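Please read the structure below before turning to the comments.
The values are calculated or read from the model by the stated rules, or taken from the named source; none is laboratory data. No experiment lies behind these values; they were computed from the predicted model shown. Quick reminder, even Gly has a Cβ in these numbers, built from the backbone with ideal geometry, and neighbours come from all protein chains shown. Calculation scope for accessible area: heavy atoms of the full protein, side chains included, ligands and nucleic acids excluded. Shrake-Rupley method; radii C 1.70, N 1.55, O 1.52, S 1.80 Å.
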Amino acid sequence: MKKSILTILILEILLIVLVFSSTKTTKIKENTSVQTLVQKELKENENASMNYLLKYPTIDGYEPVMELYGEAAIQTSNKEAMFSIDTINTKDIDIETFFKEQEEIFSSFGNYELVSENTSTLNDRTMQKKIYHINADLYELYAMIGIVEIKGVNDKVIAVVGNVQSLDYEKDFDTLLNSTNYTKISIDETRLFDSELENFTMSVLPNWKRLEKVIPFSFYKEDENSTTFLIANSANKADTEPMEAFKNVTEAMLSEQTASLVEDSKVETIKDKTITTSIIKYSDAPITTLISLVEFKDANTFVLVRSDISIKVNPSDIQTEEDLNNVLNSSENEKITNNLMTELDTIIKSINLKEIS
């Protein structure tokens, strides 16, 4: 079964359809966003990671890498050194396996050798560090892998991975290992997000993460059974008529040859906002697309939300049309989809306009 999967790239349709409204200086009076909470924690020379789960030191000569996923990524202006920082749940993967997986990646690029390794302790942290030399046909570089265990923090560690042209950059690697730490924000809790670029806020449920740095309200959730994406943008009624924008996005989705509308413009009113939703499914893949329009009473701003639920399938399991139908109509897949639709419903209903200060 071949399919142009409707995941990250086609989310850009919302960006084409919508005209961004200019924002005013606003503040949240009743709730506090993760940005505000973490900003109070940061020292002058610290930065927050993408989901505000980590804080890491500022290093002279480095700039953020916008196109990489993960909690944080930085590189030098000459691109001779790049480091990424993320958290690892040790319930899902142990440290030894993590190192082995990195070595498997190295071997796919060329010959590699372990240059050095050591374990050290600094205050409340234990750091395991390995440096490899990789020699490929067209290039050679050094790969640096580090794991940081913080005393008192169970079931997760901090991973720092770097690709550098010279061992001169090892000092920067050590700085990240020595100083990166957790914030008080947890991925296991509901978090309120806002952005200077948008006029609304959104509460994101546990285990959901930000997807794109350049799109403030883009999130995803992934596990062994499914991957779900959500992207939301606001616009002004003076620039775009809400229902017209909603229908344009829905029609764009339905232009996919195998798409069909299974829920057409369901309307729900909650206090001062009205939510209109259409649901689309596909005849050749276990994917569900939701298009939602959030309108607010006596407000010029509206929000469009595009969500995709994709059930993971092993292609080798789909040999016949009957196999495909069994997957599409599986009660287990339907249960997973319904549970995720409930989560999406909760997130979308949490969207509120910022209060004008």
Within the range 150-165, of all residues that are under 23 Å from Lys100 (Cα atoms) and over 20 Å from the mean Cα position of the chain (by Cα), the one most open to solvent (accessible area, probe 1.4 Å) is Asn154
Within the range 322-348, residues being among the charged types (D, E, K, R) and crowded, with 17+ Cβ neighbours inside 10 Å number 1
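Name the single residue that is surrounded by the most Cβ atoms within 10 Å (Cβ to Cβ) among those in the range 220-238 being in contact with a strand residue (DSSP E or B) (Cβ under 8 Å, 6 or more places away or on another chain) and without any contact (Cβ under 8 Å) to a residue 24 or more places away in the chain.
Only one residue fits best here, namely Tyr220.
Here's the yes/no breakdown for (1) closer than 23 Å to Asn338 by Cβ; (2) open to solvent by 30 Å² or more (accessible area, probe 1.4 Å); (3) in a loop (DSSP other than H, G, I, E, B); (4) modelled with pLDDT of 95 or more:
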{"position": "Met243", "(1), (2), (3), (4)": "no, yes, no, yes"}
{"position": "Ser260", "(1), (2), (3), (4)": "yes, yes, no, yes"}
{"position": "Ile275", "(1), (2), (3), (4)": "yes, no, no, yes"}
{"position": "Ser292", "(1), (2), (3), (4)": "yes, no, no, yes"}
{"position": "Glu295", "(1), (2), (3), (4)": "no, yes, no, yes"}
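Within the bounds of the range 198-205, is there any residue that is in contact with a strand residue (DSSP E or B) (Cβ under 6 Å, 6 or more places away or on another chain), open to solvent by less than 40 Å² (accessible area, probe 1.4 Å) and not in a strand (DSSP E or B)?
Yes, the range 198-205 has at least one match.
Here's the yes/no breakdown for (1) within 28 Å of Gly61 (Cβ to Cβ); (2) of a type in the set (Val, Ile, Thr); (3) over 27 Å from the mean Cα position of the chain (by Cα); (4) open to solvent by less than 30 Å² (accessible area, probe 1.4 Å):
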residue	(1), (2), (3), (4)
Lys79	yes, no, no, no
Ser107	no, no, yes, no
Tyr139	yes, no, yes, no
Val148	yes, yes, no, yes
Inside the range 89-115, the number of residues satisfying the requirement of being free of Cβ contacts under 8 Å to residues at least 24 places away in the same chain and not in a helix (DSSP H, G or I) is 5
| field | Test for Lys312: is it among the basic types (Lys, Arg), within 16 Å of Leu340 (Cα to Cα) and open to solvent by 50 Å² or more (accessible area, probe 1.4 Å) | value | yes
Residues of the range 50-73 being touching a helix residue (DSSP H, G or I) at 6+ places or on another chain (Cβ under 8 Å) and either part of a strand (DSSP E or B) or closer than 13 Å to Val160 by Cα (or both), in sequence order, are Lys55, Tyr56, Pro57, Tyr62
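Quick check, is Asp86 out of contact with any strand residue (DSSP E or B) (no Cβ under 7 Å at 6 or more places or on another chain) and either in a strand (DSSP E or B) or more than 21 Å from Thr180 (Cβ to Cβ) (or both)?
The answer is no for Asp86.
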Of the residues in the range 235-263, those that are closer than 18 Å to Asp308 by Cβ and either over 28 Å from the mean Cα position of the chain (by Cα) or among the small types (Gly, Ala, Ser) (or both) number 5
When restricted to Ile348, Ile311, the only residue modelled with pLDDT of 95 or more, touching a Pro at 6+ places or on another chain (Cβ under 7 Å) and not aromatic (Phe, Trp, Tyr) is Ile311
